[in-house]
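Below: the structure, in structure tokens.
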Amino acid sequence: MKVEIDAFSGFRIYPSKGKLFVRGDSKIFRFCGSKTASLFHQRKNPRKIAWTQVYRRMHKKGITEEVAKKRSRKTVKHQRGIVGADLAAIAAKRNQTAAVRTQQRLAAITKAKSEKKEKEAKKEKEKKPSTRQAAPAPKVSKQQMKGGKGGR
């Protein structure tokens, strides 16, 4: 059974019921009765007529099934290790006291300083044998090297 929809009111039109109106541009309009057909021909706006489906839909009337509130998902926090430190190491560091942390920092600083001194001493030893250096060449601009008009 094919049920049509009223072009004005939005009501269902059962087979063998209602009126059919074909406009000059061949567009078909179906009406459930003369009341809706008359209002359509008067160019009334169905959104302003309280008993039409369009009005009821626009003004949120007769919605029996109230839409339940959308559940928002709570973010679940996970702890995981990062590159260079697993979760156990991170937890151990978090549980350390401030005094232990400062001691470790000082130890790391002294170690870094001693390593730097050793590197500098090594460089000094390598530098000493080559004490003779060639006399610095006179400064020449790129233009002069190319043979251009550099030194007027």
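Numbers below:
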{"read-out": "Given 27/61; 2/61; 93/122; 119/142, the pairs whose alpha carbons are separated by over 32 Å", "value": "93/122; 119/142"}
{"read-out": "Candidates 138, 46, 15: whichever shows maximal mean-square fluctuation once the chain is modelled as a Gaussian network with Cα springs under 10 Å", "value": "138"}
{"read-out": "Dipole magnitude (debye, nearest 20) for the chain, charges at Cβ of Lys, Arg, Asp, Glu", "value": "600 debye"}
{"read-out": "Computed label-point distance, nm, for sites residue 122 and residue 135 using a 7 Å Cα→Cβ extension", "value": "3.7 nm"}
{"read-out": "The chain: relative contact order in percent, alpha carbon pairs under 8 Å with at least 6 residues between", "value": "11 percent"}
{"read-out": "Relative compactness, region 1-96, computed as alpha-carbon Rg over 2.2 N^0.38 Å", "value": "2.41"}
{"read-out": "Separation of the residue 82 and residue 61 label points, Cα + 7 Å toward Cβ, nm", "value": "6.1 nm"}
{"read-out": "Inter-probe distance in nm under a simple model that places probes 7 Å from Cα toward Cβ, at residue 42 and residue 114", "value": "10.2 nm"}
{"read-out": "Average Cα contact separation per residue, region 4-58, under 8 Å, 6 or more apart, as relative contact order %", "value": "34 percent"}
{"read-out": "Semi-axis lengths, Å, region 4-58, gyration tensor of Cα atoms, sqrt of 5 times eigenvalues", "value": "18, 14, 9"}
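Laboratory data are not the source of any read-out in this text; all were calculated from the coordinates shown. This structure is a prediction, so every number in the text was calculated from the model and none was measured. Every residue, glycine among them, receives a Cβ derived from its backbone with ideal geometry; neighbour counts consider all protein chains shown.
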